[in-house]
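> The structure follows.
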């Protein structure tokens, strides 16, 4: 859903507290505001659990309504069912243009698919560990780690300080286990650095090139805006920030594989970017 006036786009934001960290809520809400106005904001979880205490301190600041869901059975996640039921109720009772599903859980794959079948746009937010099935089911998927890297440093420090305080409180309520296994440090995923930034590789080049060929004119030039929209449709998780660049324009310039041309639009403050594959 590409709407030139995002203030007219009404979004329902549903957050799975069990499967996403509470850090950088401000950055996440600012990112959501780029796509529309979040008129419904709900978060689901068992807030009697100490591990969700960090979420409780952030809800009032962003007017997010908590939906308490008790865990009736050990090992079963009752939060998923409550969130799915609410999403379907909203689909049929509220005038909503799209949904924002915040989770790293693949259990919401079918929900995302069903919402899109009803003509709603679905934005997914989650960690880089999110299964590809859920990512592919969304119109667009944004990694929380990427948002973290583009948030004001002072705000990040505040979030980290608060997280440390909460962690210290949790430690006082949990009995120390001397025999607990120490997990080895996680190595960066293939093709990523320690911050999760991906390397520009052959697959990215193929994705951009194929998208250019799909929308190019008879001279091989393609409007970058159309190329970007098509790339996201082909790969919902695509974001220039995944590769360390704020904009698609700066990414393609840095790749050095394309001719770049700035064209006038009649508005002196606005120029359209066109690109062409150099190998031709």
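> In whole Å, what are the Cα extents of the range 202-277 along the three principal axes, biggest one first?
Here the Cα extents, ordered largest to smallest, are 34, 28, 23 Å.
> Which of the peptides 55-67, 227-239 is most tightly packed, and how do the rest follow, going by the mean number of other Cβ atoms within 10 Å of each residue?
227-239, 55-67
> Can you classify the range 74-138 as rounded, prolate or oblate using the Cα gyration tensor, where a ≥ b ≥ c are the square roots of its eigenvalues, rounded means a/c under 1.5, and otherwise it's prolate if a/b beats b/c and oblate if not?
Cα axes put the range 74-138 in the oblate bin.
> Multiply the residue separation of residue 8 and residue 94 by 0.36 nm, subtract the distance between their alpha-carbon atoms, and state the gained length in nm to one decimal.
The residue 8-residue 94 span can extend by a further 29.5 nm.
> I need the peptides 259-265, 10-16 ranked by packing, meaning the mean over residues of other C-beta atoms within 10 angstrom, with the highest value on top.
The packing order, highest mean first, is 10-16, 259-265.
> What does the highest-first list of 205-211, 268-274 look like by mean Cβ count within 10 Å?
The peptides rank, most packed first, as 205-211, 268-274.
Throughout, read-outs are computed from the coordinates displayed, never taken from laboratory work. Only a predicted model underlies this, so the values are computations on that prediction, with no experimental measurement involved. With ideal geometry, Cβ positions are generated from the backbone for all residues, glycine too; neighbour counts draw on all protein chains shown.
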